[in-house]
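S.K.: Attaching a single structure in structure tokens format; questions to follow.
The values are calculated or read from the model by the stated rules, or taken from the named source; none is laboratory data. Fair warning: this is a prediction, and the values are worked out from it, not measured in the lab. Cβ placement follows ideal geometry from the backbone for every residue including glycine, while neighbour counts extend to all protein chains displayed. We work out accessible area using only protein heavy atoms, side chains counted, and drop any ligands, DNA or RNA first. Shrake-Rupley method; radii C 1.70, N 1.55, O 1.52, S 1.80 Å.
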Amino acid sequence: MPSLHRKSQVKLHINSFRRFAAMRSRFASAVVPMIAIAAGCASAGASTGASAASSGGTSGTASTPTASRPSTPPRRSTTAEQARWADSVLATLSVKQKAAQMVWVWTLGDYAPIDAGSYTAIESLVRDQELGGVIVSVGGPADIAIKLNALQRVAKLPLLVGADLETGAAFRARGGWFLPNAIELGGATSFPYQMGVGATRDTMMAYEMGRVTAVEGRAMGIHMAFAPVLDVNNNPKNPVISARSFGEDPKLVAQMGRALVRGIQENGMLATGKHFPGHGDTEQNSHLELSRVDVSRARLDSVELVPFQAAIDAGLRGMMTFHGDLPALDNTKTAATLSKAVMTDLLRKQMKFDGLLVTDALDMNGVLGGITMAEATLRAVEAGNDILLMPTDAKVSIQAVVDAVASGRITEARINESVRKLLMAKHEFGLHVNRYVDVEGLRAHVGTATNLNPARAASEKAITLVRDSLSLVPFKMAREARVVSITISSRVDLSAGRTFDAELRSQYPRLLSLTLTPEIVAEATAGAAAGQAGGYRVTPDPTILPASVENALRIAQGADLVIVSSYIGAATNTANMKPTAGLPELLNGLRAANTKVLLASFNNPYLQLGLPMTEAHILAWSPWTLSQRAAARALLGRTPITGKLPITIPGVAKYGDGLTR
């Protein structure tokens with residue numbers, strides 16, 4: 001009976017969740033020594049004085065990376081000990097060295113030979129400019145750890161390392177693929193996008209996401225997660241936040257954000273809320289232009305600021321800024337990142353945030369606008385920022401601060417304030433004793449079953465069935481049914497649809513897979529046909545070519561069911577959230593042929609907007625392997641469907657909707 005089947009599936013889901021919760025309980029008692037082993041934070045009582053700092057902190061002499069293996073958990077240093085060490089080091093630094101501590105540059109986490117130009121450029125900046133930290137981007141776990149150890153080795157003072165880890169450590173350390181065989185090389189653990197975790201309504205899921213992020217990130221040598229995203233995504237047209245947010249309800253975002261912060265910080269890493277004071281209600285991408293949130297202060301207090309205040313009250317240690325214009329807070333058309341009214345008067349004084357304030361990337365158009373890198377740097381410091389992230393030229397930013405102190409525009413005391421906090425954080429992590437991580441120990445802490453279990457549970461619990469007018473889900477077709485799975489993805493997304501289709505094929509061996517790749521096309525105008533110069537116009541939006549649509553429709557003829565899955569969504573270079581050109585034509589063609597269609601979104605939660613309505617619509621919230629498998633298993637009835645929308649999809653579904661199966 002269907003009801004008995006659902007009960008058995010729910011029971012399986014509950015038992016699975018209990019298993020990973022029990023593992024978390026057993027793991028929690030050992031989390032402190034694990035962090036010490038993985039990250040080398042063997043900090044006993046701190047020595048004071050610059051000479052003590054030299055042994056583990058200020059010496060630029062190359063040494064062999066080692067990771068401590070204490071038999072007992074190290075004692076956490078006190079704030080007083082951190083302050084004494086920070087003050088002793090601060091007293092030895094010149095203004096230029098202090099300025100350099102505030103500047104963090106970007107580096108890939110890829111494998112790089114010692115003489116690779118991309119590596120030597122970063123190495124020389126760290127060594128010669130004496131930078132205070134780096135933000136590490138994509139690579140494999142071992143490659144990231146090896147590169148960070150190498151950079152730590154040449155740094156005079158130990159580096160603080162940050163990374164965007166919004167869906168876990170795999171957000172930057174997924175590993176990659178071997179071509180042309182398309183073999184996935186493995187990596188860290190991926191959770192769904194935060195909006196998927198919001199769909200679970202389960203704060204334990206958010207906490208586990210934070211715990212796993214911290215465990216894996218610290219094992220690779222990362223100290224600061226640029227997560228969670230605390231933006232309230234209440235604008236479906238937002239081209240850059242979207243599923244990165246927990247949802248549109250400030251209370252839900254606050255609850256989930258607070259739990260994620262606790263999960264990260266209680267397991268040895270600093271959490272960073274972003275993008276203060278809120279990037280959710282905008283239709284501009286701050287990577288491309290200055291965004292604008294044109295709402296009243298009362299609205300900001302009741303919506304945008306709620307999750308940030310909740311996280312601050314929960315002890316949030318880091319905050320990342322928003323490159324956006326908020327007239328209610330500053331009417332000078334200044335990006336919030338550069339506004340003292342926003343970052344000092346509001347964040348520091350009114351909201352009582354006393355942690356590390358990090359600019360969003362200073363190479364973004366939303367903050368640079370028409371000003372120079374030097375001027376953007378100085379305005380960021382004057383606004384109250386402690387970390388100057390990804391300037392277009394680190395040397396220019398450092399010299400700008402030095403010159404500003406010399407001219408009296410910025411006081412040395414203001415620089416000392418930021419650098420002291422950064423040095424205290426380095427002592428807190430034990431970097432004055434040991435700045436390296438144990439590369440050989442990575443496999444015991446990254447991508448393990450202990451970490452994958454909660455990620456798998458979150459992926460399954462996030463699945464949300466928005467529409468099912470013909471009760472197609474779970475699938476009841478005979479094994480011999482003809483099912484066509486059409487994947488819409490960019491050319492470089494090698495994983496799109498692979499796991500999803502493989503799982504479906506275990507039930508429907510005749511399943512036919514087809515991938516449609518939107519292309520940038522050049523359209524011939526009348527002028528071009530007449531041979532006139534300048535007659536060709538490049539279409540800015542990727543388009544599924546008409547010939548591809550026609551071919552897909554021919555293949556789908558006579559199918560019992562067609563599944564159309566989209567893996568395209570918000571990104572740093574996305575200017576708008578319009579449906580992929582060509583997708584409406586595909587869906588209309590399937591409708592004209594009276595074909596049953598299920599629309600699945602693995603990225604853009606607002607995908608159905610602007611598209612013909614389909615018989616069924618499901619949201620998986622993430623393109624990663626675990627979410628693909630979870631979506632397929634849910635459609636096949638192998639796991640229950642319980643997700644509830646954390647957003648409104650205008651004209652399609654309201655907040656809280658979600659069919660249970």
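S.K.: Looking only at the stretch 387-401, filter to residues that are open to solvent by less than 30 Å² (accessible area, probe 1.4 Å) and of a type in the set (Val, Ile, Thr); which one of those is nearest to Met320 (Cα to Cα)?
M.R.: Ile387
S.K.: Related question: Suppose we filter Asn573, Asn588 for residues that are polar (S, T, N, Q), at pLDDT 95 or above and open to solvent by 60 Å² or more (accessible area, probe 1.4 Å); which single one remains?
M.R.: That would be Asn588, the only listed residue that is polar (S, T, N, Q), at pLDDT 95 or above and open to solvent by 60 Å² or more (accessible area, probe 1.4 Å).
S.K.: A further question on this structure: Are any residues in the stretch 360-413 of a type in the set (Asp, Glu) and either on the phi > 0 side of the Ramachandran plot or under 30 Å from the mean Cα position of the chain (by Cα) (or both), and if so, which ones?
M.R.: Asp360, Asp363, Glu375, Glu382, Asp386, Asp393
S.K.: When the residues of the stretch 599-624 are narrowed to those that are more than 28 Å from the chain's Cα centre (by Cα) and either of a type in the set (D, E, K, R) or not in a loop (DSSP other than H, G, I, E, B) (or both), which ends up surrounded by the most Cβ atoms within 10 Å (Cβ to Cβ)?
M.R.: Checking each candidate, the answer is Ala616.
S.K.: Looking only at the stretch 148-161, which residues are buried (at least 24 other Cβ atoms within 10 Å of the Cβ) and in contact with a Ser or Thr (Cβ under 7 Å, 6 or more places away or on another chain)?
M.R.: Residue satisfying the conditions is Leu157 alone.
S.K.: Being of a type in the set (Val, Ile, Thr), within 30 Å of Lys578 (Cβ to Cβ), in contact with an Asp or Glu (Cβ under 9 Å, 6 or more places away or on another chain) and assigned to a loop (DSSP other than H, G, I, E, B), is that true of even one residue in the stretch 320-327? Please lay out each step first, then the result.
M.R.: Pass one, the stretch 320-327, residues of a type in the set (Val, Ile, Thr): 321.
Next cut, within 30 Å of Lys578 (Cβ to Cβ) only: 321.
When the remaining residues are screened for being in contact with an Asp or Glu (Cβ under 9 Å, 6 or more places away or on another chain), the result is 321.
After this cut, where a residue has to be assigned to a loop (DSSP other than H, G, I, E, B) as well, the list is none.
No: the stretch 320-327 contains no residue that is of a type in the set (Val, Ile, Thr), within 30 Å of Lys578 (Cβ to Cβ), in contact with an Asp or Glu (Cβ under 9 Å, 6 or more places away or on another chain) and assigned to a loop (DSSP other than H, G, I, E, B).
S.K.: Given the options Val342, Val293, Val306, Val358, name the one that is surrounded by fewer than 22 Cβ atoms within 10 Å (Cβ to Cβ) and among the aliphatic types (A, V, I, L, M).
M.R.: Val306
S.K.: Does Gly268 satisfy the criteria of being closer than 15 Å to Gly162 by Cα and open to solvent by 10 Å² or more (accessible area, probe 1.4 Å)?
M.R.: So Gly268 passes the test.
S.K.: Next question, about the same structure. Give the residue that is modelled with the lowest pLDDT, with candidates limited to residues of the stretch 224-243 that are surrounded by 24 or more Cβ atoms within 10 Å (Cβ to Cβ) and in contact with a Phe, Trp or Tyr (Cβ under 7 Å, 6 or more places away or on another chain). Even if it seems obvious, please write down each step before you answer.
M.R.: Narrowing the stretch 224-243 to residues surrounded by 24 or more Cβ atoms within 10 Å (Cβ to Cβ): 224-233, 238-243.
From what is left, the residues that are in contact with a Phe, Trp or Tyr (Cβ under 7 Å, 6 or more places away or on another chain) are 230, 243.
Details: Leu230: 98, Ala243: 92.
For the stretch 224-243, the residue satisfying everything is Ala243.
S.K.: Collect the residues in the stretch 525-553 that are open to solvent by 80 Å² or more (accessible area, probe 1.4 Å), modelled with pLDDT under 90 and not in a loop (DSSP other than H, G, I, E, B), keeping them in residue-number order.
M.R.: Ala526, Ala529, Tyr536, Arg537, Val538
S.K.: Looking only at residues in the stretch 322-339 that are among the aliphatic types (A, V, I, L, M) and crowded, with 24+ Cβ neighbours inside 10 Å, which one is nearest to Val303 (Cα to Cα)?
M.R.: Result: Leu326.
S.K.: Turning to a different aspect of this structure: Are any residues in the stretch 82-129 in contact with a His (Cβ under 7 Å, 6 or more places away or on another chain) and open to solvent by 10 Å² or more (accessible area, probe 1.4 Å), and if so, which ones?
M.R.: Gln82
S.K.: Check Ser407 against each of (1) touching a residue at least 12 places away in the same chain (Cβ under 8 Å); (2) surrounded by fewer than 22 Cβ atoms within 10 Å (Cβ to Cβ) and name the one condition it does not meet.
M.R.: Exception for Ser407: condition (1).
S.K.: Gly384 - would you say it is within 23 Å of Leu270 (Cβ to Cβ), of a type in the set (Gly, Ala, Ser) and either crowded, with 22+ Cβ neighbours inside 10 Å or in contact with a Leu (Cβ under 8 Å, 6 or more places away or on another chain) (or both)?
M.R.: Considered against the rule, which asks whether it is within 23 Å of Leu270 (Cβ to Cβ), of a type in the set (Gly, Ala, Ser) and either crowded, with 22+ Cβ neighbours inside 10 Å or in contact with a Leu (Cβ under 8 Å, 6 or more places away or on another chain) (or both), Gly384 comes out as yes.
S.K.: If you don't mind, another one. Considering only the stretch 365-381, state which residues are in contact (Cβ under 8 Å) with a residue 40 or more places away in the chain and surrounded by fewer than 23 Cβ atoms within 10 Å (Cβ to Cβ).
M.R.: Matches in the stretch 365-381: Asn365, Gly369, Arg379.
S.K.: Now for a different question. Could you please give the count of residues in the stretch 345-355 that are surrounded by fewer than 20 Cβ atoms within 10 Å (Cβ to Cβ) and closer than 19 Å to Glu304 by Cα?
M.R.: Number of matching residues: 6.
S.K.: Something else: Does the stretch 103-113 contain at least one residue that is over 26 Å from the mean Cα position of the chain (by Cα), within 28 Å of Asp438 (Cβ to Cβ) and free of Cβ contacts under 8 Å to residues at least 40 places away in the same chain?
M.R.: Yes, because at least one residue in the stretch 103-113 is over 26 Å from the mean Cα position of the chain (by Cα), within 28 Å of Asp438 (Cβ to Cβ) and free of Cβ contacts under 8 Å to residues at least 40 places away in the same chain.
S.K.: Sort through Leu252, Leu300 and tell me the only one that's without any contact (Cβ under 8 Å) to a residue 60 or more places away in the chain, among the aliphatic types (A, V, I, L, M) and assigned to a helix (DSSP H, G or I).
M.R.: Result of the check over Leu252, Leu300: Leu300.
S.K.: Turning to a different aspect of this structure: Could you go through the stretch 167-185 and let me know if any residue there is within 20 Å of Ala620 (Cβ to Cβ), under 13 Å from the mean Cα position of the chain (by Cα) and assigned to a strand (DSSP E or B). Outline the logic, then answer.
M.R.: Pass one, the stretch 167-185, residues within 20 Å of Ala620 (Cβ to Cβ): 167-168, 170-171, 174, 184.
Keeping just the survivors that are under 13 Å from the mean Cα position of the chain (by Cα) gives 167-168, 170-171, 174.
Checking the rest, the ones that are also assigned to a strand (DSSP E or B) come to 168.
For the stretch 167-185, residues within 20 Å of Ala620 (Cβ to Cβ), under 13 Å from the mean Cα position of the chain (by Cα) and assigned to a strand (DSSP E or B): present.
S.K.: Among the candidates Val126, Val134, Val161, which residue alone is modelled with pLDDT of 95 or more and assigned to a helix (DSSP H, G or I)? Full working, then the answer.
M.R.: Details: Val134 fails: assigned to a helix (DSSP H, G or I); Val161 fails: assigned to a helix (DSSP H, G or I).
Val126 is the lone residue from the list that is modelled with pLDDT of 95 or more and assigned to a helix (DSSP H, G or I).
S.K.: Separate question: So Arg491 fits all but one of (1) closer than 29 Å to Glu184 by Cα; (2) touching a residue at least 40 places away in the same chain (Cβ under 8 Å); (3) assigned to a loop (DSSP other than H, G, I, E, B); what number is the exception?
M.R.: (2)
S.K.: Would the stretch 257-277 turn up any residue that is within 15 Å of the chain's Cα centre (by Cα) and modelled with pLDDT under 95?
M.R.: Within the stretch 257-277 (the criterion being within 15 Å of the chain's Cα centre (by Cα) and modelled with pLDDT under 95), the answer is yes, since at least one residue qualifies.
S.K.: Next question, about the same structure. Go through the residues of the stretch 514-522 one by one and say whether even a single one is under 14 Å from Asp560 (Cα atoms), open to solvent by 60 Å² or more (accessible area, probe 1.4 Å) and not in a loop (DSSP other than H, G, I, E, B).
M.R.: Checked against the condition, which is being under 14 Å from Asp560 (Cα atoms), open to solvent by 60 Å² or more (accessible area, probe 1.4 Å) and not in a loop (DSSP other than H, G, I, E, B), the stretch 514-522 yields no hits at all.
S.K.: When you scan the stretch 454-490, how many residues do you find that are open to solvent by 10 Å² or more (accessible area, probe 1.4 Å) and within 14 Å of Pro623 (Cα to Cα)?
M.R.: Count: 3.
S.K.: Name the single residue that is farthest from Arg467 (Cα to Cα) among those in the stretch 625-661 being outside any loop (DSSP other than H, G, I, E, B) and among the hydroxyl-bearing types (Ser, Thr, Tyr). Before you say what the answer is, go through the steps one by one.
M.R.: Filtering the stretch 625-661 for residues outside any loop (DSSP other than H, G, I, E, B) gives 625-635, 649, 653, 659.
This time we only want the ones that are among the hydroxyl-bearing types (Ser, Thr, Tyr), so: 625, 627.
Details: Thr625: 23, Ser627: 19 Å.
Here the answer is Thr625.
S.K.: Hey, among Met204, Met209, which residue is part of a helix (DSSP H, G or I) and surrounded by fewer than 24 Cβ atoms within 10 Å (Cβ to Cβ)?
M.R.: Met204
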